[in-house]
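Here's the structure we're looking at; comments come further down.
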Amino acid sequence: MSDAMIEFREVTKRYAGLVANDRLSLTIRRGELMTLLGPSGCGKTTALRCLTGTIRPDAGRILLDGRDVTEVATHQRELGMVFQNFALFPHMTVRDNVGFPLMIRNLRKEARATRVQEALRLVRLEGYAEHYPRQLSGGQQQRVGLARALVYRPKVLLLDEPLSNLDAKLREEMRFEIKEVVTRLGITAMYVTHDQAEALALSDRVAIMNRGRLQQLGTPEEIYETPNSRFVAEFIGLSNFLEGRVASVRGATMTVTASGLSIHTPSLPEVAPGHKVLLFVRPNEIEILPAATPADTNVFPARVEKTTYLGDTMDYRLMLGEGVELRVQADARHRYGAGESVRLRWPRVRSWRANEE
Amino acid sequence: MTLLKAYLRGLREGWFVLGYTLCVCLSVFILAPFLMIALRSVGKGWFGKLWLPPQLTWDWYRWAIEVGNIPEVMKNTLIIGVIAVAVSTVIGIFAGWAFGRRQLPGKELLMAIVLLPRMIPPITYALGVAKIFYTLELVDTHLGVALAHVSVCAPFAILVLSATFEGLDERVLEAASVCGANTVKRFFYVVLPLIMPGILASMLFSFTHSYNEFTLTLLTYGPNTVTLPVRTYLAVGDGYWEITSAMAVIMVVPSLAILAMIQRRAKPEKLVGGFKGV
């Protein structure tokens with residue numbers, strides 16, 4: 001038995017000249033929760049629909065548990081899927097909705113009842129078996145959707161932006177609920193979303209897509225801590241970017257001149273003085289220090305422009321050197337007012353070769 | 001200020017009274033002929049300038065049924081209606097699917113052609129139909145008259161059912177497929193129950209159209225295919241107003257029953273959405 005449960009092999013799909021999936025290759029391991037993350041139009045939905053068989057890729061193969069399903073009809077792929085708009089059958093009760101995949105598979109009535117009961121218990125909706133979907137709240141409807149997807153124990157569970165039709169508080173609750181259920185069942189799951197917070201909270205691994213291609217693949221930590229491109233850094237979390245040129249390289253560190261500042265940062269492979277680089281710092285990775293702080297490596301004077309109180313943190317807009325605006329999020333306990341001069345310490349700066357972009 | 005308010009209130013009440021009066025007048029205007037017919041069908045010795053019939057009787061109904069051969073005529077009407085409904089519904093389902101779910105080239109033109117028989121004067125259309133049916137020897141057959149009716153029933157069925165199919169949620173159908181349903185099972189367990197209200201509405205309206213159809217029937221009927229409207233019209237020619245009125249009342253009863261059914265079950269805004277769940 002191979003380790004791969006879902007495999008996209010060089011899948012390409014074009015729509016009237018527009019490439020939705022451009023030789024997409026992606027492997028989802030057995031028992032893993034993988035998120036396909038990206039802005040709208042990045043091809044994540046196309047990839048999902050290729051996997052369900054709703055659309056046929058122009059080229060490439062799709063494998064499910066080692067079996068080539070590229071030419072297999074949707075209803076024979078043995079998938080479980082949760083839809084963005086719930087897509088419950090409006091003319092059926094919750095019981096019949098959840099029992100539908102079992103009925104289609106000609107399961108005996110008693111067995112069906114037990115399995116439906118189990119599935120409803122899993123999503124904590126035992127008391128709602130006789131309700132119709134329209135009598136339930138959005139969150140409840142989506143839990144019915146989850147029960148329906150899981151009831152016949154499919155090999156893989158697909159979730160197509162399952163939380164985007166729910167309000168913010170419910171979304172957060174449901175996030176943990178889905179994670180919990182998926183982990184408990186040990187099912188392989190592919191989760192499609194454009195919400196980075198969802199992706200970070202839920203996934204074992206995240207696949208970030210951009211223009212029909214896989215941009216970066218990694219654990220949530222890898223994606224957040226070491227984004228491989230400006231696109232990923234901008235998409236996941238907040239970021240400050242600075243363009244600069246390499247001044248000198250000394251072993252594992254290099255000095256970059258950007259907007260009149262000399263910034264020390266871990267050096268990049270095959271980098272030489274004169275190369276253009278893009279520096280990147282997260283707003284919560286910058287320390288704000290009093291103006292009296294002595295000069296040091298990566299400590300720069302700045303002026304507070306604007307402050308926004310966010311409860312647990314303060315959001316500062318600062319002017320650094322020659323008209324560079326920076327965003328910093330810091331502890332709300334020490335506050336600096338607008339107009340105040342401060343010093344910023346950058347303990348951690350990452351960079352990419354700019355011409356790679 | 002208070003004066004202005006009082007004035008406005010007065011104005012509002014005035015409008016209310018005026019509107020109410022108009023509604024009542026309209027109702028009387030619409031219902032008066034019905035009332036007239038109903039009275040005439042039970043009145044005896046109602047001549048000259050009398051406002052109300054001096055005597056009441058059920059005799060005219062007996063005459064109408066016996067002399068007018070109403071049971072036979074009713075049977076014809078129903079047979080023709082059922083055939084017309086069946087054919088229109090089948091056409092409606094297929095055409096409605098095509099109009100509602102597919103990107104058809106020249107969709108507007110096709111729709112215009114479908115609606116044509118409803119838009120041009122019925123007599124024009126009926127003359128053409130009659131000529132063709134004479135050639136095909138379809139005149140004075142139940143099938144022939146029913147097919148003539150289909151030309152006005154089917155456009156309606158197509159309109160209603162394309163709206164129904166348009167309202168079907170693509171994602172729900174996709175969900176059925178992902179759940180393991182093949183095309184046949186998907187149709188019977190999901191599509192059919194969801195479009196049932198639309199089908200029922202289209203059947204009811206098709207039947208009423210066929211039941212009430214006069215012009216097309218007049219040019220395609222024969223001794224074996226007399227329908228209620230035609231029989232009533234012929235009775236007018238015989239000159240017995242009381243019997244004609246009785247026939248007219250008999251004819252109205254099923255229409256009213258269907259109207260009541262439509263009002264209860266098949267609300268136009270509920271053409272989609274499931275039968276059981278409605």
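Ranked highest first by the average count of other Cβ atoms within 10 Å around their residues, in what order do B:30-37, B:90-97 fall?
Working: B:30-37: 11.6, B:90-97: 19.5.
Final packing ranking: B:90-97, B:30-37.
In the neighborhood of A:VAL181, defined by Cβ-to-Cβ distances under 14 Å, what is the net charge if each Lys or Arg adds +1 and each Asp or Glu adds -1? The partial results should precede the final answer.
On the way: positive: A:ARG121, A:ARG124, A:ARG143, A:ARG148, A:ARG153, A:ARG175, A:LYS179, A:ARG184; negative: A:GLU118, A:GLU173, A:GLU177, A:GLU180.
Around A:VAL181, the surrounding residues sum to +4.
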> Taking Cα centroids, how far is the stretch A:30-109 from the stretch A:136-150 in Å?
Replying inline: 16 Å
> Whole-Å semi-axes of the stretch A:126-270's equivalent ellipsoid, largest first, each the root of 5 times a Cα gyration tensor eigenvalue?
Replying inline: 43, 16, 11
>> Under a crude label model (7 Å from the Cα following the beta-carbon direction), how far is A:GLU172 from A:LEU289 in nanometres?
In response: 3.4 nm
>> Less than 18 Å from a label point 7 Å out along the Cα-to-Cβ axis of A:ARG153: which backbone N atoms in the stretch A:109-131 qualify, by residue?
In response: A:109-123
>> I'd like to know how the stretch A:58-116 sits against the 2.2 N^0.38 Å rule of thumb: what's its Cα Rg over that expected value?
In response: 1.42
> Could you work out the helix-only [θ] at 222 nm for the protein assembly as shown, with each DSSP H run of four or more residues adding -39,500 (n - 2.57) and the total divided by the number of residues, to the nearest 500 deg cm²/dmol?
Replying inline: -15000 deg cm²/dmol
> Around A:VAL156, which amide H atoms from residues at least 5 apart in sequence, or from another chain, sit under 5 Å from its own amide H, with H modelled in the peptide plane?
Replying inline: A:GLY80
> So, how do all the Cα-to-Cα distances of the stretch B:1-158 break down into 10 Å bins, in percent, from 0 on up?
Replying inline: 9, 18, 19, 20, 18, 11, 4, 1
> Remind me, relative contact order of the stretch A:240-353 in percent, using alpha carbon pairs under 8 angstrom and six or more residues apart?
Replying inline: 30 percent
>> For a quick check: with amide H placed at 1.01 Å from N, whose amide H comes under 5 Å from A:LEU214's, ignoring anything fewer than 5 positions away on the same chain?
In response: A:SER25
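At a temperature of 4 °C and a viscosity of 1.567 mPa s, determine how fast the stretch A:215-273 diffuses translationally according to Stokes-Einstein, using the Kirkwood radius over alpha-carbon pairs as Rh; express D in µm²/s, rounded to the nearest whole number.
Details: Rh = 12.8 Å.
Translational diffusion coefficient: 101 µm²/s.
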> Hey, with R₀ at 45 Å, roughly what FRET efficiency would B:PHE214 and B:GLN103 work out to, going by the Cβ-Cβ distance, to 0.05?
Replying inline: 0.70
> With no solvent and one point on each alpha carbon, what is the Debye value of log10 I(q)/I(0) for the stretch B:2-56 at q = 0.18, 0.19 Å⁻¹?
Replying inline: -0.70, -0.74
>> So if I take the centroid of the Cα atoms in the stretch B:1-63 and the same for the stretch B:94-137, what is the distance between those two points in Å?
In response: 40 Å
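Over the protein assembly as shown, with every protein chain in place, what whole percent of the accessible area is carbon and sulfur at 1.4 Å, could you tell me? Present the calculation step by step, with values, prior to reporting the outcome.
Values: 19310 of 32400 Å².
Heavy-atom surface of the protein assembly as shown belonging to carbon and sulfur, 1.4 Å probe: 60 percent.
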> How far apart, in nm, are two points set 7 Å out from the Cα along the Cα-to-Cβ line at B:LEU127 and at A:SER40?
Replying inline: 5.6 nm
> Of B:ILE113, B:ILE243, B:ILE80, which is the most mobile in a GNM of chain B whose springs link Cα atoms less than 10 angstrom apart?
Replying inline: B:ILE113
>> Averaged across A:51-59, how many Cβ atoms of other chains sit within 10 Å of each residue's Cβ atom?
In response: 1
> Given H placed 1.01 Å from N in the peptide plane, which residues other than close sequence neighbours of A:ALA59 have an amide H under 5 Å from its amide H?
Replying inline: A:THR12
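Would you mind checking the pairs A:LYS109/A:LYS155; A:LYS169/B:LYS185; B:LYS75/B:LYS107; B:LYS44/B:LYS131 and listing those with alpha carbons more than 32 angstrom apart?
On the way: A:LYS109/A:LYS155 23 Å; A:LYS169/B:LYS185 38 Å; B:LYS75/B:LYS107 39 Å; B:LYS44/B:LYS131 44 Å.
The answer is A:LYS169/B:LYS185; B:LYS75/B:LYS107; B:LYS44/B:LYS131.
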> If the cut-off is 13 Å between C-alpha atoms, which aspartates and glutamates fall inside it for A:LYS44, apart from same-chain ones fewer than 8 positions away?
Replying inline: A:ASP22, A:ASP160, A:GLU161, A:ASP195
> Reachable aspartates and glutamates from A:LYS276, Cα under 15 Å, same-chain residues fewer than 8 places away excluded?
Replying inline: A:GLU243, A:GLU356, A:GLU357
>> Give me the inter-chain shielding for A:95-103: mean count of other chain Cβ atoms within 10 Å, whole number please.
In response: 3
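Ignoring ligands, DNA and RNA, what accessible area per residue does the stretch B:2-56 give at 1.4 Å, in Å²? Intermediate results must be reported in sequence, preceding the final value.
On the way: 5050 Å² over 55 residues.
Accessible area per residue: 92 Å².
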>> I need two numbers for chain B: Rg to one decimal and Dmax as a whole number, Cα atoms only, in Å.
In response: 24.2, 80
>> On a full-extension model of 0.36 nm per residue, what is the gain between A:ASP331 and A:ALA272, subtracting their alpha-carbon distance, rounded to one decimal in nm?
In response: 17.5 nm
> Calculated FRET efficiency, B:VAL236 and B:GLU166, Cβ-Cβ r, R0 56 Å, to nearest 0.05?
Replying inline: 0.80
>> With +1 assigned to the C-beta of every Lys and Arg and -1 to the C-beta of every Asp and Glu, and no other charges, what is the dipole magnitude of chain B about the Cα centre in debye, to the nearest 20?
In response: 840 debye
>> Interface size between chain A and chain B, please: total buried accessible area, 1.4 Å probe, rounded to the nearest 100 Å².
In response: 2100 Å²
>> Using the Kirkwood radius over C-alpha pairs as Rh, can you work out the diffusion coefficient of the protein assembly as shown via Stokes-Einstein at 20 °C, viscosity 1.002 mPa s, in µm² per second?
In response: 68 µm²/s
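Taking 0.36 nm per residue of sequence separation and subtracting the Cα-Cα distance, how much length would be gained by fully extending the chain between B:LEU116 and B:LEU11, in nm to one decimal?
Values: separation 105, 0.36 × 105 = 37.80 nm, distance 4.69 nm.
Using 0.36 nm per residue and subtracting the Cα-Cα distance, I get 33.1 nm.
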> What span do the alpha-carbon atoms of the stretch A:1-103 cover on each of the three principal axes, reported in whole Å from largest to smallest?
Replying inline: 42, 37, 25
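What order do B:THR124, A:THR265, B:THR215 take when sorted by accessible area (1.4 Å probe), most exposed first? Let's see the in-between values first.
On the way: B:THR124 80, A:THR265 0, B:THR215 35 Å².
Highest to lowest solvent-accessible surface, that is B:THR124, B:THR215, A:THR265.
Which number do you get for Rg(Cα) / (2.2 N^0.38 Å) in chain A? If you can, show how the numbers build up before the last one.
Details: Rg = 24.9 Å, N = 357, 2.2 N^0.38 = 20.5 Å.
Compared with the compact-globule rule of thumb, chain A sits at 1.21.
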> Cβ under 12 Å from B:ILE243's Cβ, B:ILE243 left aside: what net charge do those residues give with Lys, Arg +1 and Asp, Glu -1?
Replying inline: -1
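Give me the inter-chain shielding for B:182-194: mean count of other chain Cβ atoms within 10 Å, whole number please.
Across B:182-194, the average partner-chain Cβ count within 10 Å equals 3.
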> Along the stretch B:50-61, what does the Karplus equation 6.51 cos²θ - 1.76 cosθ + 1.60 (θ = phi - 60°) give for ³J(HN,Hα), rounded to whole Hz, x for Gly and Pro?
Replying inline: 5, 7, 10, x, x, 9, 10, 7, 9, 4, 4, 5
>> Could you compute the net charge surrounding A:ALA302? Neighbours are other residues with a C-beta less than 11 Å from the C-beta of A:ALA302; K and R count +1, D and E count -1.
In response: +1
> Using r as the Cβ-Cβ distance of A:ARG124 and A:THR12, and R0 as 56 Å, what FRET efficiency do you calculate, to the nearest 0.05?
Replying inline: 0.85
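For the stretch A:240-353, what is the convex hull volume of the alpha-carbon atoms per residue, in Å³? Please list the in-between numbers first.
On the way: hull volume 10.6 nm³, N = 114.
Cα-based convex hull of the stretch A:240-353, divided per residue, equals 93 Å³.
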> If you build a Gaussian network model of chain A, linking Cα atoms that sit under 10 Å apart, which residue out of A:THR188, A:THR226, A:THR45 swings the most?
Replying inline: A:THR226
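Take the Cα gyration tensor of the stretch A:45-184, multiply each eigenvalue by 5, square-root it, and list the three semi-axes largest first, rounded to whole angstrom.
On the way: eigenvalues 128, 73, 35 Å².
Taking √(5λ) for each Cα gyration eigenvalue gives 25, 19, 13 Å.
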>> I'd like the chymotrypsin sites (Phe, Trp or Tyr not before Pro) in the stretch A:63-154 restricted to DSSP loop residues with at most 16 other Cβ atoms within 10 Å, sorted by number.
In response: none
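The values are calculated or read from the model by the stated rules, or taken from the named source; none is laboratory data. Keep in mind it's a predicted model, so treat the numbers as computed, not measured. Note that we place each Cβ from the backbone using ideal geometry, even for glycine, and neighbour counts take in every protein chain shown. Note: accessible area is taken over every heavy atom of the protein model, side chains too, but ligands, DNA and RNA are not part of it. Shrake-Rupley method; radii C 1.70, N 1.55, O 1.52, S 1.80 Å.
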